[in-house]
Each structure stands twice: as structure tokens, then as C-alpha cells.
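The values are calculated or read from the model by the stated rules, or taken from the named source; none is laboratory data. These numbers come from a predicted model, not from an experiment. Neighbour counts are summed over all protein chains in view; Cβ atoms, including those assigned to glycine, are modelled from backbone coordinates with ideal geometry. The protein model used for the area step is the full one, side chains on, heavy atoms only, and it has no ligands, DNA or RNA in it. Shrake-Rupley method; radii C 1.70, N 1.55, O 1.52, S 1.80 Å.
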Amino acid sequence: MSGYPLALLIERESFEGVENSSRCLEEFLLQKGLNDPYRCDEDDQTYGLGSQVSCEGSATDSEHASGSDLSTVQRTYNDESSRVLGCSHYKRGCRVVAFCCRKLYTCRRCHDENEDHVMDRKLTQEIQCMTCGLFQAPCAECKGCGSRFARHFCGICNLWEDEPGKDIYHCDDCGICRLGKGIGKDYFHCSRCNACVALESKADHKCVAGSLDCNCPVCHDPLFSSTERVIFMRCGHAMHDMCFNDYTKHYFTCPLCRKALGDMTEFYKAIDEQLKVSRVCTGRSDFKSQIFCNDCEVKSEVPHHSQYHKCHKCEGYNTMVLNVIRT
């Protein structure tokens with residue numbers, strides 16, 4: 001694939017005339033105190049999130065970044081107090097050279113937050129080890145010092161994540177990495193929804209074509225490529241799990257189709273009991289309301305009430321008044 005030049009101008013560290021072998025590099029790193037790929041000395045300098053990479057030549061040049069100078073190593077931290085490498089989004093031991101602008105960022109989200117354009121991480125052709133500074137093609141372990149960049153690495157998505165206990169798998173049908181143990185383990189891919197759905201909800205899953213090809217109805221962030229957990233509601237629509245928890249503190253219907261989010265039988269029974277003893281004005285007896293039930297999608301005509309209108313078919317109160325008529 002053609003693209004931007006990949007040769008990077010970096011100075012090479014002198015090894016006092018000794019050939020730059022893996023063994024010598026390892027000894028050199030030990031002398032520098034950089035033998036731990038995820039913990040760095042307190043006097044290590046932390047650089048900014050994004051830095052321009054100088055470019056000259058092409059990917060076939062002999063001067064392509066095959067050596068490294070520790071003075072050019074730019075480290076960012078997921079947890080600076082513990083010297084854990086990464087950023088606020090991921091724990092990882094490498095930085096990526098953005099294909100679009102040739103700048104070094106720890107992840108594509110850091111890039112997007114600081115630039116006026118979006119980075120396609122799948123186009124990434126080069127990374128830098130934050131332990132030894134070596135520039136190389138995307139991989140799981142550094143070709144120079146041998147440090148492992150992360151517990152999880154996907155060569156398709158160019159994704160590194162070293163968070164302990166965080167399960168990640170690549171879905172070929174979705175074309176991206178998702179949270180979970182994998183297809184057939186805790187998720188299955190629904191081709192109609194074009195989404196991965198939890199196996200535990202397979203029997204009750206309601207397909208909605210392209211249900212993730214939209215933004216979350218609460219926070220309005222994209223759902224398909226979201227790094228946050230996404231859940232499907234009974235109606236088939238989706239939203240972020242955290243948004244769902246906040247939303248259901250105040251509402252019990254889907255914000256898109258208005259269907260009930262759960263079994264409301266007991267709640268409706270409580271309304272029945274309240275109406276039996278309530279002194280709230282029930283409306284004029286010479287009026288009726290034409291209503292539409294959001295759950296069973298049936299229209300009916302019921303006695304007018306100032307607040308509640310019960311569906312004749314499903315006996316639920318998740319209804320809306322279409323018209324009020326005089327009898």
C-alpha cells in the first residue's frame with residue numbers, strides 16, 4: 001500500500017564500537033535502568049502527547065529507523081505515580097506514528113482529541129517502543145529490547161491494551177475489536193443487527209437492522225465503534241451501559257420507540273390499586289380519549305382521565321393520548 005514516507009530521522013546510540021545485537025542492547029538497557037517495559041525511573045522525562053516525526057526518504061530506504069537513541073524516547077503514562085506506560089485511554093508500552101499527519105501519539109483517541117482530523121488506526125505502519133525508542137512495524141513485542149507492549153494485541157486493528165482482566169476479542173464480521181472473551185464464548189454476531197450480542201440474551205434478542213449504525217440516544221456518541229460497553233434493550237435498540245443506568249433512574253421507556261424497558265406488570269397493578277382509592281380528578285364523564293399503546297401498538301378508545309389511560313389489549317399504562325372526543 002502506497003503512502004507517506006516512513007524513513008524517520010533519529011540519531012543512533014553509540015555502543016562503544018560493539019555490534020548492535022539483541023544481547024548488547026539488553027545489556028545497554030539494563031545499564032540505563034530500563035529493563036522493565038512498564039515501569040520507568042522517576043527521573044525519566046515525560047513528553048507531550050503528540051510530537052512531529054521528521055520524515056525523509058521512503059519505506060525502502062536503508063536509513064529507515066532501525067536504530068534508536070534513548071534521548072528520543074518519548075514516554076506517556078496511564079498511571080504516572082506508578083510509572084505505568086500508556087495514556088488516559090489505554091495501558092501500553094508503545095506509541096503509534098499516525099499515518100495521516102506523521103505525528104507520534106500513544107493512541108488514536110489521543111490523536112483525535114488533539115488534532116482537527118480523525119486517525120484511522122488500521123493504516124498505522126509504524127510504532128515506537130517507549131522502552132528503548134526503536135521504531136518498527138506494528139507488533140506484539142519490541143524487535144529491539146524484547147519488551148511486550150501489551151497483553152492484548154490485534155494486528156488488524158493495531159490495538160494494544162495491557163489492562164489486567166480486560167478481555168478483548170476481534171470480530172471478523174464487525175471488523176473491529178470488542179470487549180469480551182470472544183464469539184461463541186460470551187458473544188455471538190447478529191448479521192441483521194451487524195453487532196455482537198451477549199450469548200445470555202440470544203433467546204430473547206430482537207433484531208433491529210443496523211441497530212448500532214447510529215449514536216447513543218443519551219450521550220449521542222457513536223455506538224458501533226464505541227469503546228464503552230453497549231447493551232441492547234428489549235425493543236432491540238441499543239445504548240451505552242452507563243447511559244442506560246443513568247437513564248433508567250428517571251425513565252422506564254425506550255427514548256427511541258417508547259416501549260417499556262422491562263416487565264411492568266407489577267407497576268401497572270400498583271397503578272390499578274392507586275386509582276381505586278385515589279381522589280384525583282378522573283376527568284369529565286362525557287369525554288373519551290383515543291389512545292395508542294406504545295407496547296402492543298394498538299389504538300383504542302377509553303374513558304377520559306387526567307393522568308392514566310389503560311390499554312384495552314395488554315392492560316398496560318404505557319400509552320399516549322391521540323385525541324379527546326365528546327361522547
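Observations
- Pairs with Cβ under 9 Å, 6+ apart, first in the stretch 287-307 and touching a residue at least 60 places away in the same chain (Cβ under 8 Å), second part of a loop (DSSP other than H, G, I, E, B) and surrounded by 15 or more Cβ atoms within 10 Å (Cβ to Cβ): none
- Test result for Gln290, over 26 Å from His237 (Cβ atoms) and either assigned to a strand (DSSP E or B) or open to solvent by less than 50 Å² (accessible area, probe 1.4 Å) (or both): yes
- Qualifying residue in the stretch 122-131 (condition: in contact with an Asp or Glu (Cβ under 7 Å, 6 or more places away or on another chain), under 28 Å from Asp186 (Cβ atoms) and not in a loop (DSSP other than H, G, I, E, B)): no
- Met320 being open to solvent by 50 Å² or more (accessible area, probe 1.4 Å), touching a strand residue (DSSP E or B) at 6+ places or on another chain (Cβ under 6 Å) and modelled with pLDDT of 90 or more: yes
- Among residues of the stretch 209-235 that are free of Cβ contacts under 8 Å to residues at least 12 places away in the same chain and closer than 20 Å to Arg192 by Cβ, those with a beta-carbon under 9 Å from a residue that is open to solvent by less than 50 Å² (accessible area, probe 1.4 Å) and not in a loop (DSSP other than H, G, I, E, B) at least six positions away or on a different chain give the pairs Cys214/Ala238.
- Taking the criterion of being more than 43 Å from the chain's Cα centre (by Cα) and part of a loop (DSSP other than H, G, I, E, B), the residues of the stretch 298-311 that qualify are His304, His305, Ser306.
- The stretch 114-133: number of residues that are surrounded by fewer than 21 Cβ atoms within 10 Å (Cβ to Cβ), touching a strand residue (DSSP E or B) at 6+ places or on another chain (Cβ under 9 Å) and touching a residue at least 40 places away in the same chain (Cβ under 8 Å): 3
The rows are residues; the columns are (1) among the polar types (S, T, N, Q); (2) open to solvent by 30 Å² or more (accessible area, probe 1.4 Å).
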{"position": "Phe232", "(1), (2)": "no, yes"}
{"position": "Ala260", "(1), (2)": "no, no"}
{"position": "Phe267", "(1), (2)": "no, yes"}
{"position": "Ser278", "(1), (2)": "yes, yes"}
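- Scanning the stretch 271-278 turns up no residue that is closer than 13 Å to Tyr317 by Cβ and small (Gly, Ala, Ser).
- Number of residues in the stretch 147-203 that are outside any loop (DSSP other than H, G, I, E, B), farther than 21 Å from Pro222 by Cβ and either open to solvent by 60 Å² or more (accessible area, probe 1.4 Å) or without any contact (Cβ under 8 Å) to a residue 60 or more places away in the chain (or both): the value is 8.
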